[in-house]
1. A:E87: surrounded by fewer than 16 Cβ atoms within 10 Å (Cβ to Cβ), in contact with a Ser or Thr (Cβ under 9 Å, 6 or more places away or on another chain) and of a type in the set (D, E), yes or no?
2. Is there a residue being more than 20 Å from A:A206 (Cα to Cα), in contact (Cβ under 8 Å) with a residue 24 or more places away in the chain, surrounded by fewer than 18 Cβ atoms within 10 Å (Cβ to Cβ) and outside the structural domain of A:I142 (by TED's automatic domain parsing) anywhere in region A:230-242?
3. Give A:E362, A:E367 a once-over and let me know the one that is in a helix (DSSP H, G or I), acidic (D, E), in contact (Cβ under 8 Å) with a residue 12 or more places away in the chain and closer than 24 Å to A:N242 by Cβ.
4. State the number of residues belonging to region A:232-270 that are over 18 Å from A:P163 (Cβ atoms) and among the aromatic types (F, W, Y).
5. Which helices (runs of 4 or more DSSP H) does region B:16-79 wholly contain that include 2 or more residues that are within 12 Å of chain A (Cβ to nearest Cβ) and more than 30 Å from A:L169 (Cα to Cα)?
6. Can we say A:L23 is at pLDDT 95 or above, farther than 23 Å from A:I271 by Cβ and assigned to a strand (DSSP E or B)?
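The values are calculated or read from the model by the stated rules, or taken from the named source; none is laboratory data. Nothing here was measured: the structure is a model prediction, and the numbers come from that model. Reconstructed Cβ throughout: ideal geometry from the backbone, glycine too, with neighbour counts over all protein chains shown.
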Amino acid sequence: MPRPHGGKLVNRVLEGKEKERALAEAEELEKLQVSRDLASDLESIARGVYSPIEGFLTSQELENILHRKRLSSDLPWTMPIILNAPERQVKTIKEGDALALFFEAQPLALMQIEEKYVFNREDIAKRTYGTVDSAHPGVAKIGQLGSTFFAGKISLIDALKSPYDRYKLSPMETRILFREKGWRTVVGFQTRNPPHLGHEYVQKTALTFVDGVFINPVIGRKKRGDFKDGVILEAYDTLIKNYYLKDRAVMSILPYEMKYAGPREAVHHAIIRKNFGCTHFIVGRDHAGVGNYYRPYAAQKIFEEFPDLGISPLFFKSFFHCRRCGGITHEKACPHSEKEHITFSGTKIRAIFESEELPPKELMRPEVAQIIAKHSNPFVE
Amino acid sequence: MTESEKTTKRKKFTTISIPTPLFKKVKERIKGTGFTSVSSYVTYVLREIVAEKEEEEEPFTKEDEERVKARLRALGYID
């Protein structure tokens, strides 16, 4: 099993008396409201999902990441983890202050301000997303921020509760789980959709040369028309129960909001899975992409820059069903014309459910399709 | 490159010596590859070697292990 990124799992979750003290302190301190997205980041920092990051980045680290895709320790890191200062608090909060971070009325974490700095938002957007086009969802989000940021370590009081907490495991838990299962090699698979047969074949192909597969759906704010979190989890539960060996597949969720940063985010996702204890990570052709902002396979090519990442990316070509082959195959194995192919398009599958029909068994396992269909509306509104 | 960029670069990079014939061989080898300089190639190779040498994972405490295993059992992940 690989060591966590940076050598040690971060744990900044307060417990027992420390937590009680922090809860009381949170009521006294200057309060800063954070979004649901940032609340997920706080939890990931505290539980070691983002190891070795222990808080929101300083200007120096942010610059390193944007310009070199590395922390000052030379460790690969590609995504900015930053805390924007709300306009009304820019002047009142200063370096050295302690803050309480809240989501609505819930105290989430305490934070000591190590640095307060101004940073060029366009530079953040351009280097992270490769564009400054405000139509890009990540760029649009940066555009809504002010230009002042707070840096400092955080201590988690409580994470946001979700209806799916029983599916949530920390990196320490997955590492112990993998060891209990006797897995020395584990492939991580990220998803934000219910599984079609293409997903299953990618996972099972990877499983031919590792000990176990770690299915890690991203749970959090989604776009209108995306499948609901509960639907995705039920669909995977059904697939695993019916089509996977019990001791070869594990599913747990990742509370996380997609940033759509394409190549940079693909590396970030790999680092997250390394912290969970994976030795391999499946990277798709357009991993974490949106629109036409990234070239096909750019999310795979970026891994060439990181010989020291400590997790091996696995690159797959797209799988499809071939009528002539009579099963699932891919472009390196199937000699038949495209006319014989049925591709696994998420858009196509969504359209089938929207018309209240079931996808054919060549696209999706019937048990999985039925579980999705039993929801009167499986989509985010 | 501005003066401040030069200063930053000086702080983040250092110079090492390698034999000149080796330097020349590397320079030949990287022609037509994505490497833009001998330095970037040497950095790449060293990063790869240093990462390979990372030690085995540190063990968790017995208390952590027991607590985690109890939760994993309760959630049905292990028997």
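1. yes
2. yes
3. A:E367
4. So the count comes out to 3.
5. In region B:16-79, B:38-52 are the helices (runs of 4 or more DSSP H) which contain 2 or more residues that are within 12 Å of chain A (Cβ to nearest Cβ) and more than 30 Å from A:L169 (Cα to Cα).
6. Values: at pLDDT 95 or above: yes; farther than 23 Å from A:I271 by Cβ: yes; assigned to a strand (DSSP E or B): no.
No; evaluated as a whole, the condition is false for this residue.
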